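The block underneath contains the structure these notes are about, expressed in structure tokens.
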Amino acid sequence: MNIEISTAWLDNDIARMQERLDNLVAAKNQVYRCLESLHAMWEGAAQYIFINQTRIDETVLQGLVNNLNNLIECMQYAKSEYEKCTDEVNSKIAGIRLSNDI
């Protein structure tokens, strides 16, 4: 089985994923800054429940962000390994001397 990959396309995918992840993190930070302001607007049991739920939601979202960061790191590693393999193969091919090259 042959597997072919375009490292240029992979690099493009990595860049797009990183850009979207950066946008997600910026939006998350903005939402949670607004929620901090909202928390101060009332008191009581409902406020306590709301604050706890938003903290749980933030933890879950941060877990997703961490998973996406890990995926991007894995893709960067794969790209690096593909490029290293390609360089090694090209080097070995270039090192082969044909009988007419002497």
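Considering segment 19-71 alone, what residues qualify as being among the hydroxyl-bearing types (Ser, Thr, Tyr) and over 20 Å from the mean Cα position of the chain (by Cα)?
Tyr32, Ser37, Tyr48, Thr54, listed by residue number.
(1) surrounded by 14 or more Cβ atoms within 10 Å (Cβ to Cβ); (2) free of Cβ contacts under 8 Å to residues at least 12 places away in the same chain; (3) of a type in the set (Ser, Thr, Tyr): which one isn't true of Tyr48, the others all being true?
Failed condition: (1).
So which pairs qualify, if the first residue must be in segment 30-42 and at positive phi, the second must be open to solvent by 100 Å² or more (accessible area, probe 1.4 Å) and among the small types (Gly, Ala, Ser), the Cβ gap must be under 6 Å, and the two must be at least 6 apart or on different chains?
The qualifying pairs do not exist here.
Six or more apart or on different chains, Cβ atoms under 7 Å: show the pairs whose first residue is in segment 61-83 and open to solvent by less than 70 Å² (accessible area, probe 1.4 Å) and whose second is part of a helix (DSSP H, G or I) and basic (Lys, Arg).
Matching pairs, first to second residue: Leu61/Lys28.
Of the numbered conditions (1) open to solvent by 60 Å² or more (accessible area, probe 1.4 Å); (2) at pLDDT below 95; (3) more than 28 Å from Ala15 (Cβ to Cβ), Leu35 satisfies every one except a single condition; which is it?
For Leu35, the failing item is (1).
The values are calculated or read from the model by the stated rules, or taken from the named source; none is laboratory data. Computed from a predicted model, the values in this text were never measured in an experiment. Cβ coordinates were reconstructed from backbone atoms using ideal geometry, including for glycine residues, and neighbour counts include every protein chain displayed. All accessible areas refer to the heavy atoms of the entire protein, side chains included, with ligands and DNA or RNA removed. Shrake-Rupley method; radii C 1.70, N 1.55, O 1.52, S 1.80 Å.
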